[in-house]
1. Does any residue of the range 181-198 turn out to be open to solvent by less than 40 Å² (accessible area, probe 1.4 Å) and within 14 Å of the chain's Cα centre (by Cα)?
2. Looking at the range 8-36, which of the residues that are polar (S, T, N, Q) and out of contact with any strand residue (DSSP E or B) (no Cβ under 6 Å at 6 or more places or on another chain) is farthest from residue 72 (Cα to Cα)?
3. Of all residues in the range 159-180, count the ones that are among the β-branched types (Val, Ile, Thr) and open to solvent by 70 Å² or more (accessible area, probe 1.4 Å).
4. When you scan the range 1-105 for helices (runs of 4 or more DSSP H) that lie fully inside it, which ones turn up with 3 or more residues that are under 14 Å from the mean Cα position of the chain (by Cα)?
5. Going through the range 199-229 one residue at a time, which ones are part of a strand (DSSP E or B) and under 13 Å from the mean Cα position of the chain (by Cα)?
6. For residue 243, which of the numbered conditions (1) surrounded by fewer than 19 Cβ atoms within 10 Å (Cβ to Cβ); (2) assigned to a helix (DSSP H, G or I) fails to hold?
7. Which members of the range 129-158 meet the condition of being surrounded by fewer than 20 Cβ atoms within 10 Å (Cβ to Cβ), touching a residue at least 40 places away in the same chain (Cβ under 8 Å) and among the polar types (S, T, N, Q)?
Amino acid sequence: MAELTIGLVLPDVLGTYGDDGNALVLRQRARMRGIDAEIHRITLGDAVPEGLDVYTVGGGEDVAQILAAEHLIADGGMTRAVNAGRPVLAICAGLQVFGRSFRASDRMVDGLGLIDATTSSLQTRMIGELKSVPAKQGMRAAGMEELTEPLTGFANHQGATILGPDARPLGHVTHGTGNTDAHGALTAGLTPETAKVEVYHEGAVQGSVIATYMHGPVLARNPQLADLLLAKATGVALADLPPMTGVFAEQLVGEVATLRAERMRA
């Protein structure tokens, strides 16, 4: 691959929580492997190029979500990229926008329908540290069996997201609140038995889309997930990614490990 192209999708409206950093992490980890990588900023009103190698989508507030959904549906480039199998990382509002519908500004809004999920409202806003372990069933469904390490991030959302049968959770929650709470699950009409399972779901995987409520940015806190996205973008297995080299590679690995350990303890 001559160059890795990273699409940073709508950072002007879905960039509230520093999730732009996910694109920066991908670019740096690629360059330290000798891969020439560039970020393509795609702002509101721009057509979404469907042929980039990997895309990142961040979080935002209600009005921003609505603007993002309307633009991405009308443009169609994001949908074509997903249908072509291009890997996508969608965070928080991005998860909701990629779903079938989401609640924003006191009404239900159509999403892109790229994830079989609907989002209503939590009774109490989720703010705090979140930890999960990769969901084995979801990993197999998405061809992500190489993702084995626990995931950690910071959640800040009001959405109660329920997954449909075509989507799988990215992880199972071990600390914090994931896609929904018991109130959100029961309000969505789930049986108490199903609700007990749903409250442990975090994020979603479907097709080439990986979605999560974890900020951080999530790829800075979860290097294995970052490298898995790089592997998918470059068409190799995770184990076949070249090692990171250079003056700062060892320092970066050490700093990421320190950050990760500290956040795991938190």
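The values are calculated or read from the model by the stated rules, or taken from the named source; none is laboratory data. All of these numbers come straight from a predicted model, not from anything done at the bench. Neighbour counts run over all protein chains shown; Cβ positions are idealised from the backbone, glycine included. The accessibility values were calculated without ligands, DNA or RNA, using every heavy atom of the protein model including side chains. Shrake-Rupley method; radii C 1.70, N 1.55, O 1.52, S 1.80 Å.
1. Within the range 181-198 (the criterion being open to solvent by less than 40 Å² (accessible area, probe 1.4 Å) and within 14 Å of the chain's Cα centre (by Cα)), the answer is no, since none of the residues qualifies.
2. 28
3. Residues in the range 159-180 being among the β-branched types (Val, Ile, Thr) and open to solvent by 70 Å² or more (accessible area, probe 1.4 Å): 1 in total.
4. Hits in the range 1-105: 21-31, 93-98.
5. 202, 204, 205, 206, 209, 210, 211, 212, 215
6. Every condition holds for residue 243 apart from (2).
7. 148, 156, listed by residue number.
Here's the yes/no breakdown for (1) open to solvent by 10 Å² or more (accessible area, probe 1.4 Å); (2) among the hydrophobic types (A, V, I, L, M, F, W, C):
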| residue | (1), (2) |
| --- | --- |
| 56 | no, no |
| 59 | no, no |
| 64 | yes, yes |
| 67 | yes, yes |
| 77 | no, no |
| 84 | yes, yes |
| 91 | no, yes |
| 94 | no, no |
| 100 | yes, no |
